[in-house]
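The values are calculated or read from the model by the stated rules, or taken from the named source; none is laboratory data. Note that the structure is predicted; figures quoted are calculated from it, not measured. Reconstructed Cβ throughout: ideal geometry from the backbone, glycine too, with neighbour counts over all protein chains shown.
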Amino acid sequence: MVTIEYFPAIAQDYCVQQPLVLDAIDRHLLDLVQQDAGRPLHDLGAEVGLSPSAVQRRLTRYRAAGLLTRQVAVIDPGRAGSTALAAVLVTLDRESAEHHASFRKRMLAEPRVQQCYDLAGEWDYLVILVTRDLGECREVSDRLFMRDENVRRFDTLPVLDAIKTGRFVPLRG
């Protein structure tokens, strides 16, 4: 058995959560669900050696414990008309908790911000933008960062090719 603690990339709650004890079946089931959360319970059960109702009980336990936080559909950005991806490195001018909270609130509210990470080191944040094209990327970047008086500097880096994307969390045995 192994215990893991789940900390979302953009944590809304910074409290340490109680670890959930996982057995080999839990880890296998979670690996499968991370690959395709829409698989039928009977398919998942057949693969891990459980009945559909036993699979459902485990999934319910994961949700109740906060291990499974949501179930989403993954959309191909190119087919949806969003073809420009950019990484933006941001340094704030003032380091108060209020200024960081204000910045985070704006990032959470902006639909073009796909991800936002608080960093250690020279830069304060890494922001991932998804836009229709480079023109919109520039507009969004200027609106979010150039016009913010608390942003000391930012560097927008257009992504040439997404080699690997995902949110898969490896579970050790």
Exactly one of Asp118, Asp148, Asp124 is closer than 30 Å to Val21 by Cβ and either without any contact (Cβ under 8 Å) to a residue 60 or more places away in the chain or in contact with a Phe, Trp or Tyr (Cβ under 9 Å, 6 or more places away or on another chain) (or both), and that one is Asp118
Only unsatisfied item for Glu95, checking (1) in contact (Cβ under 8 Å) with a residue 40 or more places away in the chain; (2) farther than 30 Å from Ala37 by Cα, is (1)
Filter result (acidic (Asp, Glu) and assigned to a loop (DSSP other than H, G, I, E, B)) within the stretch 71-112: Asp76, Asp93, Glu95, Glu110
Name the residues in the stretch 5-56 that are farther than 27 Å from Val127 by Cβ and at pLDDT below 90, would you? Gln18, Pro19, Leu20, Val21
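Conditions (1) hydroxyl-bearing (Ser, Thr, Tyr); (2) closer than 18 Å to Phe168 by Cα; (3) in the same structural domain as Arg147 (by TED's automatic domain parsing); (4) surrounded by fewer than 14 Cβ atoms within 10 Å (Cβ to Cβ), marked per residue:
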| position | (1), (2), (3), (4) |
| --- | --- |
| Ile25 | no, yes, no, no |
| Leu29 | no, yes, no, no |
| Leu41 | no, no, no, no |
| Leu44 | no, yes, no, no |
| Gly49 | no, no, no, yes |
| Arg58 | no, no, no, no |
| Thr69 | yes, yes, no, yes |
| Val88 | no, no, yes, no |
| Thr91 | yes, no, yes, no |
How about the stretch 51-70: which of its residues are of a type in the set (Lys, Arg) and part of a helix (DSSP H, G or I)? Arg57, Arg58, Arg61, Arg63
